[in-house]
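These notes concern the structure reproduced below.
All of the numbers you see were taken from the coordinates with simple rules; none came from a lab. Owing to the predicted nature of the structure, the values given are computational and were not obtained by experimental measurement. Cβ coordinates were reconstructed from backbone atoms using ideal geometry, including for glycine residues, and neighbour counts include every protein chain displayed.
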Amino acid sequence: MLAARSLRHAALAAWVAVGVASCERDHRASREVSGSPGPDAAPEPVASASAVRAPLSVEETGPSGTRVRVRRPVTVRFDREVSSDERAAVARSVAVTPPGRLVPDWPDARTLTLAPAGGWAPGRLHHVEIGGDGTGVARTAWSFRARVPRPRSVTPGGGARAILTFDDAPARHHQADELLDVLRRLEVRALFFPTGVWARLRPAWVERAVREGHRVCNHTLSHVDLTSRRLTEEDVRREIGEGATDGECRLFRPPLMAIDERAERVAADLGWELFLWDVDPRDWDGLEARDLVHAVLGRIRPDAVVLFHVHAPNTVAALPELVARLRRAGYVPSWDPADSPGAVEAGQPGLREAPARRWADALRSLDGGTHGPASPSSLP
Ligand SMILES: [Zn+2]
């Protein structure tokens, strides 16, 4: 009786809420059906146990690929017709991460479509799973990535900076060299936040970065979570105190965006200034180059700090187009206030109030002039 009632309840609800709060799957939570009936809410006959037919198999699923349109519905084609009694339970067996509300439809008796009510999360990898134990559908799972739509407009830079920053340290060392090559060719001056361990092993790379106009700053000694309870205050002091620097940069960016009162106090104590970011295109997550360009252009503001990662797979490929389009929109791709004197000194009213000023202002303390290579003794 309980099963029959829950089937009836499911048949009445056309809005299927799927998804969970994080990538850790929780199918119980992700298969809840919301109470509000949708457009297909016509009552259907209660299914009896004897009406349940042979398990369904999935013949075809979609979409797939790395640049799926944000409104494209999920499609599942089954090996046989799905009776009206079965449909609600079949739709309920779908789980999607990250979460989103899906609207089910049956264009024909063998095909289920689920349209994302608010669109897929741009740039995110989506995992879809249908069926499994007790659902009457053989378990099938697949993934796709939603594209980042081209922004309708780009906020004008007005001669202000776009401050490109690159965190972490690649296992494949040539990635770090390649990045310097591309930045030199594009005449971009960037901020780097490698770990202290990585920078200590590569003094020549640090020297080259500084010689070519970049800054190398603190991202802790070994990329730890500074808020971890396993770390003593002494550990935190060592992690921050032995972070990378080019000898002049006093900017400190905590790994994993994890900062608490203790870490902030220790950093200030040691003379480091907290430096986060304004725009995070999630390049570490494997977005295609074109999506990275759109993600940054959609959120760029005068003097905004953009977060990239040296080890990200498509960042180097995205830079030529990104930098060209930033320049076309009136941005100077540099950390150095001296490179955008018009925007800073003339005090264009709109620019001074930009929220991005908070991080950009920290760069005023840096020496903007030509700067020789850091001496080995100044390296961490
Ligand atoms: Zn990091």
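How far is it, in nm, from the label point at ASP260 to the one at THR227 when both lie 7 Å from their Cα along the line to the Cβ?
Computed distance between label sites ASP260 and THR227 equals 0.8 nm.
Scan the range 113-207 for trypsin sites (Lys or Arg not before Pro) in coil per DSSP, keeping those whose Cβ has at most 12 other Cβ atoms within 10 Å, and list them by number.
Qualifying residues, ordered by number: ARG152, ARG172.
Return, ordered by residue number, the residues of the range 124-156 whose backbone nitrogen is under 11 Å from a label point located 7 Å along Cα→Cβ of THR66.
Correct set: 145.
What is the Cα centroid distance between the range 207-233 and the range 67-145, reported in whole angstrom?
Between the Cα centre of the range 207-233 and that of the range 67-145, the gap is 43 Å.
Summing +1 for each Lys or Arg and -1 for each Asp or Glu, what net charge is found among the other residues whose Cβ lies under 14 Å from the Cβ of ARG230?
-3
Looking at the square roots a ≥ b ≥ c of the eigenvalues of the Cα gyration tensor of the range 180-296, which shape do they give, rounded for a/c under 1.5, prolate if a/b is larger than b/c, or oblate?
oblate
Shape call for the range 113-218 from the C-alpha gyration tensor, a ≥ b ≥ c root eigenvalues: rounded (a/c under 1.5), prolate (a/b greater than b/c) or oblate?
Note, shape of the range 113-218 comes out oblate.
Of the peptides 227-238, 323-334, how do they stack up when ordered by the mean number of other Cβ atoms within 10 Å, highest first? Walk me through the numbers on the way to the answer.
Values: 227-238: 13.2, 323-334: 19.2.
Highest to lowest by the protection proxy: 323-334, 227-238.
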